[in-house]
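In what follows, a single structure is set out as structure tokens and then discussed.
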Amino acid sequence: MSSDTDLIERYSQGDDDALRLLIARYTRSLYSFAYRLTSNVDDAGDVVQDAFVKAWKHIDSFDRDRSFKTWLFSITRNTALDLIRKRRGDIPFSFIQDDEGHVVFDTPDESPLSDELFSTSEKLQSVENALKELSFDQRTILALHHGEGLTFEEIGETLEKPMNTVKSLYRRAVLRLREVLSDTDAPKE
């Protein structure tokens with residue numbers, strides 16, 4: 001399997017198949033990441049498409065000493081943030097995945113829910129609501145670390161932030177999530 005740098009070099013020499021291989025290599029993970037940031041199927045698709053167009057337009061200026069993967073995630077993050085800013089709405093977020101890490105889309109079921117399913121659904125909703133309490137950078141770090149498996153160093157490169165800042169944002173995000181979730185689990189008077 002060719003490295004990203006090899007594929008970029010091949011593309012710059014006129015091999016269009018190399019670009020198709022790069023796109024195929026990253027489409028699924030970028031889409032999953034974009035979906036976590038937008039919580040919308042159509043928006044995630046638009047973000048990924050726009051990110052690939054931006055990457056394609058600027059591929060000649062890509063620093064081949066950097067990681068192509070983190071460069072793409074950075075472009076995708078910025079594209080999602082631009083979309084969200086343009087809409088000036090709430091920034092939804094979701095962690096719903098199947099066992100293999102693929103995004104799972106819920107469809108309404110008209111049949112009654114069992115107590116266990118209701119409890120699980122209620123917990124997922126609590127987590128989604130708690131995630132909305134975090135900053136965009138904190139949500140991004142959680143999505144990149146837990147959803148995409150990037151290291152803190154790779155996340156730092158993606159966000160163009162020092163690794164210690166990334167770790168600090170991650171710790172604060174986890175603490176804030178715990179705080180918000182413990183508040184929602186507290187008995188109501």
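The values are calculated or read from the model by the stated rules, or taken from the named source; none is laboratory data. Predicted, not measured: the structure shown is a model, and the values here were computed from it. FYI the Cβ positions are ideal-geometry reconstructions off the backbone, even for glycines, and counts take in every protein chain you see.
Observations, loosely collected:
- Selection within the stretch 141-168 - over 16 Å from the mean Cα position of the chain (by Cα) and among the hydrophobic types (A, V, I, L, M, F, W, C): M163
- Among residues of the stretch 44-55 that are closer than 10 Å to T79 by Cβ, those with a beta-carbon under 6 Å from a residue that is of a type in the set (G, A, S) and buried (at least 20 other Cβ atoms within 10 Å of the Cβ) at least six positions away or on a different chain give the pairs V47/A34; V47/A80; V48/A34.
- Of all residues making up the stretch 137-151, the number that are outside any loop (DSSP other than H, G, I, E, B) and of a type in the set (V, I, T): 2
- Taken together, S12, S32 contain a single residue that is surrounded by fewer than 20 Cβ atoms within 10 Å (Cβ to Cβ) and under 28 Å from S135 (Cβ atoms), which is S32.
- Failed item, numbered, when R66 is tested on (1) outside any helix (DSSP H, G or I); (2) more than 22 Å from the chain's Cα centre (by Cα); (3) not polar (S, T, N, Q): (2)
- Unmet requirement for G45, which otherwise passes all of (1) at pLDDT 90 or above; (2) over 23 Å from L144 (Cβ atoms): (2)
- Among the residues of the stretch 61-78, those identified as free of Cβ contacts under 8 Å to residues at least 60 places away in the same chain, touching a helix residue (DSSP H, G or I) at 6+ places or on another chain (Cβ under 7 Å) and either of a type in the set (G, A, S) or farther than 12 Å from S29 by Cα (or both) are F62, R64, I75.
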